[in-house]
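Q: Here it is, the structure in full.
The values are calculated or read from the model by the stated rules, or taken from the named source; none is laboratory data. What you are looking at is a predicted structure, and each value in this text was computed from that prediction instead of being measured. Backbone-built Cβ (ideal geometry, glycine too); neighbour counts: all protein chains shown. SASA here: full protein model, heavy atoms, side chains in, ligands and nucleic acids out. Shrake-Rupley method; radii C 1.70, N 1.55, O 1.52, S 1.80 Å.
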Amino acid sequence: MITIRKVITIIILTCILGCSPSNSAPNNSSPQSQSDILKDTSIVPGKRVGEMTRKTTRSDLVKMFGESKLKDDILLEDEGTISVPVTKVNLGAEHSFTIVWEEETRERLLYIRDFGSAWKIPEGIGVGTSFQELSQKLGEFKLTGLGWDYGGFINLENTQLSKYQGKISLKLAASEEASKNHPKQYEAVLGDRELSSTNPNWEPLNMKVSQMTVQFDE
């Protein structure tokens, strides 16, 4: 049986090795101001993040937000086995995000992650969304056990948001006090395995979305 960990690794490798080149479309309109762009913090998984699409380049980010808001860096993925170039867009705690690029030229966008809490998909889900709210909007779902790099990831397959499978990933984390205040329940949901959202051990852990990653259609 293929584990969720292997599936996630395959997705990352496929994106890095298999993304087709795409050039930024010419923009003949006047650049929008940063304040105008920040009014749109909506995400359509697979299509756009605010004004950004798969064709967005680093040069486009400069026009949108200004060079002073950007910081280039290298991110270690897949438990430190893969390094990818990123650009962190610092717009304050609620609006910031990180773009992961296919190459050092930063002209081919892979995916966007590390969103602030202002960014939401149409169903109102984003960083900070509670476990209870997710259960209401997704129905019963599966997620990986805690305590490892791929812990807390939701499997959207067979949920009410299955249309987003492969386009968005949501990672849940327990509160900082969970392991101390509820050690038995916390230990019961650890490990590289899938668990149902109906497992009663999740309830006292105060689980919330801690990380959201958005991918784009080819």
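Q: What aspartates and glutamates could a cross-link reach from K47, if we take a straight Cα to Cα line under 14 Å and drop same-chain neighbours fewer than 8 places away?
A: D217, E218
Q: Full-extension gain between N201 and E104, please, as 0.36 nm times their residue separation minus the C-alpha to C-alpha distance. Could you put the intermediate results ahead of the total?
A: Values: separation 97, 0.36 × 97 = 34.92 nm, distance 4.35 nm.
Stretched out fully, the N201 to E104 stretch lengthens by 30.6 nm.
Q: Excluding residues fewer than 8 places away in the same chain, name every one of the aspartates and glutamates whose C-alpha is closer than 19 Å to that of K180.
A: Within the straight-line limit of under 19 Å, K180 reaches these aspartates and glutamates: E203.
Q: For segment 91-218, with every protein chain kept in place, what is the accessible area per residue (1.4 Å probe, Å²)? Intermediate values should be presented prior to the final figure.
A: Numbers: 5930 Å² over 128 residues.
Ligands and nucleic acids excluded, the result is 46 Å² per residue.
Q: Take the alpha carbon atoms of segment 140-218, find their center, do the same for segment 45-97, and report the distance between the two centers in whole angstrom.
A: 24
Q: Counting Lys and Arg as +1 and Asp and Glu as -1, what is the net charge of the other residues whose Cβ lies under 14 Å from the Cβ of T87?
A: Result for the neighbourhood of T87: -1.
Q: Which order do E67, E176 take when ranked by solvent-accessible area (1.4 Å probe, heavy atoms of all protein chains), largest first? Intermediate values should be presented prior to the final figure.
A: Details: E67 95, E176 170 Å².
The residues order as E176, E67, largest area first.
Q: Which of the pairs K39/K171; K137/K167; K39/K120; K71/K167; K39/K163; K137/K208 have their Cα atoms more than 23 Å apart in this structure?
A: Details: K39/K171 25 Å; K137/K167 17 Å; K39/K120 12 Å; K71/K167 25 Å; K39/K163 26 Å; K137/K208 14 Å.
Distance filter (> 23 Å) returns K39/K171; K71/K167; K39/K163.
Q: Would you please name the chymotrypsin sites (Phe, Trp or Tyr not before Pro) within segment 121-218 that are DSSP coil residues with at most 14 other C-beta atoms within 10 Å of their C-beta?
A: For chymotrypsin sites (Phe, Trp or Tyr not before Pro) across segment 121-218 that sit outside H, G, I, E and B with at most 14 neighbouring Cβ atoms in 10 Å, the list reads W148.
Q: To continue, here is another question. Can you compute the FRET efficiency between E177 and E140 using 1/(1 + (r/R0)^6), with r the Cβ-Cβ distance and R0 = 25 Å? Round to the nearest 0.05.
A: For E177 and E140, the calculated efficiency is 0.40.
Q: Can you give me the solvent accessible area of D192 with a 1.4 Å probe, rounded to the nearest 10 Å²?
A: Rounded to the nearest 10, that gives 80 Å².
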